[in-house]
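Heads up, the thing below is written out as structure tokens.
Coordinate-derived values only; no laboratory data. Treat the numbers as computed from the prediction; the structure is a model and nothing was measured. No Cβ is skipped: glycine too gets one built from the backbone with ideal geometry, and neighbour counts run over all protein chains shown.
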């Protein structure tokens, strides 16, 4: 062990320091969770997660893994979409809100009446991003309304402020 720690490499020169750091962080996080359980401050979600893990039930583990990986992919897809949409600061929607589920980012937008450029920018952003995610089962669903439609942001959507 001493030799490995001195060189930080093992087997064909692979740098193990990043693995050691990862394991240290993982152990620290597990210790934090353990303390939260002991003092009764663990969230219901955390309790449910550990309950599934401790059952050693393959189906429950697969569902948990899917939920967490889906969330990560959805977050990345939305980030990519926003990067595309905001590349140009012109013709952004007046109202912009988002909701998401396990495989879809739902976009709600209100644009100026007759503002075809804003809707074009939104659909172009979607068309750039979706080819990277659709083959994996993820999609973007966009609803665009004009101000004269006088629609409100649906319940369950989070509004984002975009500036022109």
Problem set entry | With eigenvalues of the C-alpha gyration tensor scaled by 5 and rooted, the chain, Å | 42, 23, 15
Exercise. Just the projected area, averaged over all directions, of the convex hull on the alpha carbon atoms of the range 56-134: how many nm²?
Worked result: 5.6 nm²
For this session: Pull out a ≥ b ≥ c, the square roots of the eigenvalues of the alpha-carbon gyration tensor of the range 108-155, then state rounded if a/c is under 1.5, prolate if not and a/b is larger than b/c, and oblate in the remaining case.
Result: oblate
Problem set entry | FRET efficiency estimate (nearest 0.05) - Cβ-Cβ, residue 82 to residue 54, R0 30 angstrom | 0.20
For this session: Compute the FRET efficiency between residue 66 and residue 149 as 1/(1 + (r/R0)^6), taking r as their Cβ-Cβ distance and R0 = 41 Å, and round to the nearest 0.05.
Result: 0.65
